[in-house]
Amino acid sequence: MAVRNMKKVVKSWALKSGMAAVLIYLLHVILGGLLWKEYSHLHEPISTLTASGAPNRSMLLLLTNLYGISALVFAVSFVIFESRKYNTLVLLGGISLILLHILSISYGFFPQDLPGAELSFKGRMHLLVTIFIVPVTILTPFLIGFGLKNIKGWNTFGRFSLICGLLILVFGGVTGFFFAKQLPYFGLVERLNIGTLQIWTFIFSYKLVKSNDDKG
């Protein structure tokens, strides 16, 4: 009985780590902007806050690493405890979610170069990681959405997940266009893209926790 209760507690906290990850990510963005007075949320990418040579990089990198670990714990716990209750698409979506956050953690090893700086090896690797992470980010909510949309109790979230996937696809394309053309307000369109993913993650984590609590 004690072992069963311990497993239940571990599962509950692991699934809650998705919500915790989003709050940590939000804290790093807000705190980074407050500490760096010249930084513009409207025009600059979020990754500039932890770029090579950025002020407060060490402190903010601690937060982004904590975010990555929390999000990865959530993704792994979803695959272990939840995904096999549903269908293959949901399982594949869970595996895609794990891959997404492994790639996200790798950003800590390959920081972006500051704007105007010469492109370094780590800067090139940062761009390469981005190339891989974009399709995975788009694919994950689509897989989970299509997998859940016809399952009782998950229909609404399934449709919500598909809408988020579509928004990430559109905002991701707009973000890429702004980056290629070096247009102003890049920071704004990037935040629409990343913000959609964070909202999806928070609600997904909350829904899983509530579903398990309701079952007792």
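The values are calculated or read from the model by the stated rules, or taken from the named source; none is laboratory data. Because the structure is a prediction, the values reported are computed rather than measured. Glycine gets a Cβ as well: all are built from the backbone with ideal geometry, and neighbour counts include every protein chain shown.
See the values below:
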item: Answer from Thr201, Thr140 - the residue that is surrounded by 18 or more Cβ atoms within 10 Å (Cβ to Cβ), under 23 Å from Ser77 (Cβ atoms), out of contact with any Cys (no Cβ under 7 Å at 6 or more places or on another chain) and without any contact (Cβ under 8 Å) to a residue 60 or more places away in the chain; result: Thr140
item: Selection count, the stretch 64-82, where residues are closer than 17 Å to Val10 by Cβ and of a type in the set (Ser, Thr, Tyr); result: 2
item: The stretch 115-137 - residue that is outside any helix (DSSP H, G or I) and loosely packed, with under 14 Cβ neighbours inside 10 Å and, of those, nearest to the chain's Cα centre (by Cα); result: Pro115
item: Filtered residue count, the stretch 177-193, keeping only those that are among the hydrophobic types (A, V, I, L, M, F, W, C) and loosely packed, with under 14 Cβ neighbours inside 10 Å; result: 3
item: Test: residue in the stretch 153-161 that is closer than 27 Å to Asn65 by Cα and not hydroxyl-bearing (Ser, Thr, Tyr); result: no
item: The stretch 41-62, residues that are over 23 Å from Ser120 (Cβ atoms) and surrounded by 14 or more Cβ atoms within 10 Å (Cβ to Cβ); result: His41
item: Failed item, numbered, when Arg84 is tested on (1) within 22 Å of Phe132 (Cβ to Cβ); (2) without any contact (Cβ under 8 Å) to a residue 24 or more places away in the chain; (3) not β-branched (Val, Ile, Thr); result: (1)
item: Only one of Ser52, Ser12, Ser17 that is of a type in the set (S, T, N, Q) and within 20 Å of Ile199 (Cβ to Cβ); result: Ser17
item: Residue, modelled with the lowest pLDDT, within the stretch 126-142, restricted to residues that are more than 18 Å from Gln198 (Cβ to Cβ) and touching a Ser or Thr at 6+ places or on another chain (Cβ under 8 Å); result: His126
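Matching residues to (1) β-branched (Val, Ile, Thr); (2) in contact (Cβ under 8 Å) with a residue 60 or more places away in the chain; (3) in contact with a strand residue (DSSP E or B) (Cβ under 6 Å, 6 or more places away or on another chain):
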residue	(1), (2), (3)
Ser96	no, no, no
Tyr107	no, yes, no
Leu114	no, yes, no
Ser120	no, yes, yes
Met125	no, no, no
Thr130	yes, no, no
